[in-house]
Amino acid sequence: MGNPLTEEEILRFETHCNIRLPEASRMFLKEIGNGCVMIDGFRLMGMDEMD
(Lines give C-alpha, C1' and ligand atoms only; values in the text may rest on other atoms or scores of the structure.)
Protein backbone atom coordinates (compact mmCIF):
# COMPACT_ATOMS: atom_id res chain seq x y z
CA MET A 1 0.00 0.00 0.00
CA GLY A 2 1.29 3.44 -0.83
CA ASN A 3 1.79 6.07 1.83
CA PRO A 4 -1.24 7.98 3.10
CA LEU A 5 -1.89 11.34 1.44
CA THR A 6 -2.09 14.70 3.11
CA GLU A 7 -5.17 16.89 2.88
CA GLU A 8 -3.19 19.17 0.57
CA GLU A 9 -2.40 16.30 -1.82
CA ILE A 10 -6.04 15.23 -1.92
CA LEU A 11 -7.18 18.80 -2.57
CA ARG A 12 -4.61 19.13 -5.36
CA PHE A 13 -5.95 15.94 -7.01
CA GLU A 14 -9.58 17.06 -6.63
CA THR A 15 -8.80 20.47 -8.11
CA HIS A 16 -6.84 18.96 -11.00
CA CYS A 17 -9.69 16.53 -11.83
CA ASN A 18 -12.47 19.00 -10.99
CA ILE A 19 -14.13 16.54 -8.59
CA ARG A 20 -14.86 16.11 -4.90
CA LEU A 21 -14.16 12.65 -3.49
CA PRO A 22 -16.64 11.08 -1.09
CA GLU A 23 -15.66 11.60 2.55
CA ALA A 24 -15.08 7.84 3.05
CA SER A 25 -12.58 7.82 0.16
CA ARG A 26 -10.81 10.88 1.51
CA MET A 27 -10.55 9.28 4.96
CA PHE A 28 -9.17 6.04 3.45
CA LEU A 29 -6.51 7.97 1.50
CA LYS A 30 -5.50 9.96 4.59
CA GLU A 31 -5.52 7.13 7.14
CA ILE A 32 -4.75 3.91 5.23
CA GLY A 33 -2.87 4.73 2.05
CA ASN A 34 -3.10 5.03 -1.69
CA GLY A 35 -2.07 2.82 -4.59
CA CYS A 36 -0.77 -0.73 -4.29
CA VAL A 37 0.88 -3.65 -6.06
CA MET A 38 -1.22 -6.83 -6.22
CA ILE A 39 0.10 -10.36 -5.82
CA ASP A 40 -0.02 -10.99 -9.59
CA GLY A 41 2.06 -7.88 -10.26
CA PHE A 42 -0.85 -5.65 -11.31
CA ARG A 43 -0.13 -2.14 -10.08
CA LEU A 44 -2.82 0.32 -9.02
CA MET A 45 -1.32 3.80 -9.39
CA GLY A 46 -1.50 6.11 -6.43
CA MET A 47 -3.38 9.39 -6.79
CA ASP A 48 -0.12 11.25 -6.29
CA GLU A 49 1.23 9.62 -9.49
CA MET A 50 -1.62 10.65 -11.79
CA ASP A 51 -1.35 13.60 -14.15
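Can Gly35 be described as touching a strand residue (DSSP E or B) at 6+ places or on another chain (Cβ under 6 Å) and either surrounded by 14 or more Cβ atoms within 10 Å (Cβ to Cβ) or at positive phi (or both)?
Numbers: touching a strand residue (DSSP E or B) at 6+ places or on another chain (Cβ under 6 Å): yes; either surrounded by 14 or more Cβ atoms within 10 Å (Cβ to Cβ) or at positive phi (or both): yes.
So Gly35 fits the description; yes.
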Q: Test Leu21 against the stated conditions and say whether it is at pLDDT 90 or above and surrounded by 15 or more Cβ atoms within 10 Å (Cβ to Cβ).
A: yes
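The values are calculated or read from the model by the stated rules, or taken from the named source; none is laboratory data. This is a predicted model, so every value here is computed, not measured. Reconstructed Cβ throughout: ideal geometry from the backbone, glycine too, with neighbour counts over all protein chains shown.
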